Amino acid sequence: MNISGDYNKILEETKQDDLIWFKEEFDLFFKNKKGKLTKKDINIANMMINHLTLNMNLLDNKRLINALAKTLESLEKDYPEFF
């Protein structure tokens, strides 16, 4: 039955879209604050990153794990002060 396969594919695509959305939202929050971050900004960013990693149901999916890793690497490159 294809329902299970289709569901997992849709769920994977949704999670990948969520990662793109997260990166874009993170940029909106912190891009203009580079060099002017407060402790509160850093705490908020760390809470956001922790929430993303803890609540991302990866379904033992290597593509999603790699996508999450790439998103985190991109954030670390752009915002090293948060890592």
> Going by alpha carbons, how many degrees (0 to 90, nearest 10) lie between the helix axis of 3-30 and the longest principal axis of the chain?
Replying inline: 10 degrees
> Can you give me the pair-distance distribution of the chain, C-alpha pairs, 5 Å bins, whole percents?
Replying inline: 3, 13, 24, 22, 15, 10, 6, 4, 2, 1, 0
> In the Gaussian network model of the chain, springs joining C-alpha atoms below 10 Å, which of ASN55, ASN66, ASN46 carries the largest mean-square fluctuation?
Replying inline: ASN55
> When the helix-only estimate is applied to the chain (DSSP H runs of n ≥ 4, each -39,500 (n - 2.57), divided by the residue count), what is the mean residue ellipticity at 222 nm, nearest 500 deg cm²/dmol?
Replying inline: -26000 deg cm²/dmol
> Helix 62-78 sits at what angle to the longest principal axis of the chain, using alpha carbons and giving 0 to 90 degrees rounded to 10?
Replying inline: 10 degrees
>> Connecting C-alpha atoms closer than 10 Å in a GNM of the chain, tell me which of LEU52, LEU37, LEU19 has the biggest fluctuation.
In response: LEU37
> Among all lysine pairs in the chain that are eight or more places apart or on different chains, how many have alpha carbons less than 20 angstrom apart?
Replying inline: 22
> Which listed residue (LEU28, THR14, ALA67) has the Cα farthest towards the positive end of the charge dipole for the chain, taking +1 on Lys and Arg C-beta and -1 on Asp and Glu C-beta about the Cα centre?
Replying inline: LEU28
> Using the alpha-carbon atoms, what tilt in degrees (0 to 90, nearest 10) does helix 39-55 show relative to the longest principal axis of the chain?
Replying inline: 10 degrees
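Quick note: the coordinates plus some simple rules give every number you see, no bench work behind them. Everything numeric here is computed off the predicted structure, so don't read it as measured data. When we count neighbours, we look across all protein chains shown, and the Cβ atoms used for this are built from the backbone with ideal geometry, even at glycine.
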